[in-house]
Structures are given as structure tokens and as C-alpha cells.
Amino acid sequence: MKRLVALIMIATVPALIFLNIWQVFRYEKLQHSIALMEEEQQDWLERNKRMIAGIRVLSSPGRIDMLAQEELNLTKPDRGEIIRINIKENSR
């Protein structure tokens with residue numbers, strides 16, 4: 001009986017060492033994968049910031065005014081050319 005317990009203990013130790021080494025390998029692999037994902041996430045955030053800045057530049061009032069004048073040949077009306085219409089709502 002003692003021999004059987006000793007044999008089981010002797011067989012269990014290498015198995016536990018192997019499982020420990022396998023777990024360390026999996027941990028390192030997952031850690032590397034997470035680092036790559038974090039780097040990719042940082043790249044996406046930077047691209048997003050650049051795109052938002054580009055949208056702000058393209059939609060700025062100064063740029064739109066310049067495009068209206070240069071490309072569409074639009075001019076700002078004089079005060080005398082502006083007609084204001086007031087529409088009163090009937091309240092019942």
C-alpha cells in the first residue's frame with residue numbers, strides 16, 4: 001500500500017510541474033496578445049483624434065466662407081438686399 005502511494009506521488013510531481021510550465025506558457029501568450037490589442041487600440045484612438053480634428057477643420061465657418069466665395073462665386077448680401085419676413089402664428 002505504501003508503495004502504491006509512493007508511486008502515485010512520484011508520478012504526480014512531474015505532471016504538476018508540466019501543468020505549471022504549460023500554464024506559464026499560456027499566460028505569456030495571453031499577455032503578448034493583450035499587449036498587441038492595447039497597441040492596436042491606441043492606434044485606433046489616435047486615428048480617431050486625427051479624424052475628428054480633420055472634421056473640425058473642414059467644417060469651420062472660415063473654410064466654408066472661403067469655398068462659397070472662391071468656388072461657388074457667392075457673395076454676402078448687403079443690408080439693403082436682405083428682406084425679413086415675420087410670420088405670426090394665430091393662437092386660438
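Put the Cα centre of region 58-92 next to the Cα centre of region 39-53 and the gap is 36 Å. Positive end of the dipole of the chain (Cβ unit charges, origin at the Cα centre): among Gly80, Met51, Gln41, the Cα lying farthest that way belongs to Gln41. The charge dipole of the chain, taken about its Cα centre with unit charges on the Cβ atoms of Lys, Arg (+1), Asp and Glu (-1) only, comes to about 600 debye. Helix 61-70 axis versus longest C-alpha principal axis of the chain: approximately 50°, rounded to the nearest ten. Each of Lys88 and Lys2 was given a label point 7 Å from its Cα along the Cα-to-Cβ line. The distance between the two points is 11.5 nm. For Cα extents along the principal axes in Å, the listed values are (1) 31, 25, 22; (2) 52, 32, 18; (3) 111, 49, 14; which was obtained by calculation from the structure presented? It is the value labelled (3).
Bear in mind these aren't lab numbers, they're just calculated from the coordinates by the rules spelled out. Values in this document were obtained by computation on a predicted structure and should not be read as measured data. Backbone-built Cβ (ideal geometry, glycine too); neighbour counts: all protein chains shown.
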